[in-house]
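J.: Got a structure for you, written out below as structure tokens; questions coming shortly.
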Amino acid sequence: MYKASADIVLPTSITGSLPRPHWYDAALGSRSFLEAMMHARYREQYEDAVSVHLRAQETAGLDIVTDGDAHFDDEVAGMSWQSYPPRHMTGFAPQGEMTAYHVAQAAHPRGHILHDFLEARVLPRIVGPVGRGNLQYAAMWKVAQRLTRKPVKFGTILPELIAASVADSYYKDPVERSWAISDALNAELTELAEAGAPVIQLEEPQIHMVPARGKTFGKLDTKDLARLFNNTVKGLRAKTEIWCHTCWGNPAQQRIFKEVQSYRPTLEALNTLECDAITFETCSSGPGDLEAIGRIITGKKIVIGVIDHHTLQVERPEQVASLIREALKHIPPERLVISSDCGMGREGMSRRHAQYKMAAMVLGTNLVRRELGLPEADCLAADPRYSLAAAKRD
């Protein structure tokens, strides 16, 4: 169901995360969100952090905003993206332990920055049946949505990556635990949709990774993973807009593959997903897959990344516009959404860099909107009237 993007041509958004303010030093840990919000200092810092994330996006002129993933703690390489669910779902031990990452090609030697990511994998073990527990996504979305009139998108990691991240003393194999986590997430996301969230984003199905990494757990192929995704979002499209986010990895703003990967081998499987939009990394990985994406992904909106989350170099508006024009050769404007390749808050980027990347995205999109005779977004961040630089004198 198209809600947030229904009436906008070339809407703009970001994947989700934004750099954490330096003064935001409160940590959620294993406490429930609602329990933490009882404490005055946490509540003040959390709401202030969400507010500055929202204001930065509004100032840039984005159409669909996020809470910046403010509920994640400040963990090495952005690990909280993976660690939040195991620490708040039922069925997990109360303490964490050093945990191997059950994903092929995930090993990095000491001396590589991504080895720190492996050392930061201290996660609780599954010790009983998994349930939704205290994820409390609806409460988090409400805090953000009551601070802005723009539609707030809320995202979550998918079950196979949670299953690949933890040790397990309960389920007989990783496939069984993946389906159990999928059922628990579906219950949580159903409540989120019924609360009124206009967009729910499911992040990083391993479908597109199969050609590079092999079957997930050595068992799940692209069709199996598509079925797992569809179970996770079962019943949701009647209530809200569902996005599927794909990229090629982003711990500590790092690339995880030596060579640029292609979506082409798995586009048919991605087209079977029960979602309204699919995001593709097309800035840092290049536009080479756009023709195939436009030809194979049908009946859904296509979200292209025009901002590279790996680099501090801020894109020029004309660079953004050029990539959008290339996409429009293969995708009609009413089915095209503009976004970042991935999140910009996974440790490594400053708030200022993220702010200007978002502004560049909107300014570049405005160039194309102008060419198509479409309404342009107001980018307050680029309004020359408010420059502090000395005015030119005759």
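A quick yes/no check of all residues on (1) buried (at least 19 other Cβ atoms within 10 Å of the Cβ); (2) over 19 Å from Phe257 (Cβ atoms); (3) modelled with pLDDT under 95:
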position	(1), (2), (3)
Gly155	yes, yes, no
Ser182	yes, yes, no
Leu189	yes, yes, no
Val199	yes, yes, no
Leu202	yes, yes, no
Ala212	no, no, yes
Ala226	yes, yes, no
Lys234	no, yes, no
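J.: I need the full set of residues from the stretch 255-272 which are touching a residue at least 60 places away in the same chain (Cβ under 8 Å) and under 17 Å from Arg295 (Cβ atoms), in order please.
T.: Hits for the stretch 255-272 are Ala269, Leu270.
J.: Something else about it: Quick check on His53: is it at pLDDT below 95 and either surrounded by fewer than 23 Cβ atoms within 10 Å (Cβ to Cβ) or part of a helix (DSSP H, G or I) (or both)?
T.: Judged against the criteria, His53 is not a match.
Every residue, every condition in (1) over 25 Å from Gly68 (Cα atoms); (2) part of a helix (DSSP H, G or I), yes or no:
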position: Cys283; (1), (2): no, no
position: Ala292; (1), (2): yes, yes
position: Glu315; (1), (2): no, no
position: Ala321; (1), (2): no, yes
position: Arg325; (1), (2): yes, yes
position: Gly348; (1), (2): no, no
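J.: Which residues, counting only those in the stretch 153-192, are under 30 Å from Asp63 (Cα atoms), in contact with a helix residue (DSSP H, G or I) (Cβ under 8 Å, 6 or more places away or on another chain) and outside any helix (DSSP H, G or I)?
T.: Phe154, Thr156, Ile157, Leu158
J.: So, in the stretch 336-346, exactly how many residues are touching a helix residue (DSSP H, G or I) at 6+ places or on another chain (Cβ under 9 Å) and in a strand (DSSP E or B)?
T.: 4
The values are calculated or read from the model by the stated rules, or taken from the named source; none is laboratory data. Predicted model only: the values in this text are computed from it and were never measured. Ideal geometry is used to build each Cβ from the backbone, glycine not excepted, and the neighbour counts take in all protein chains shown.
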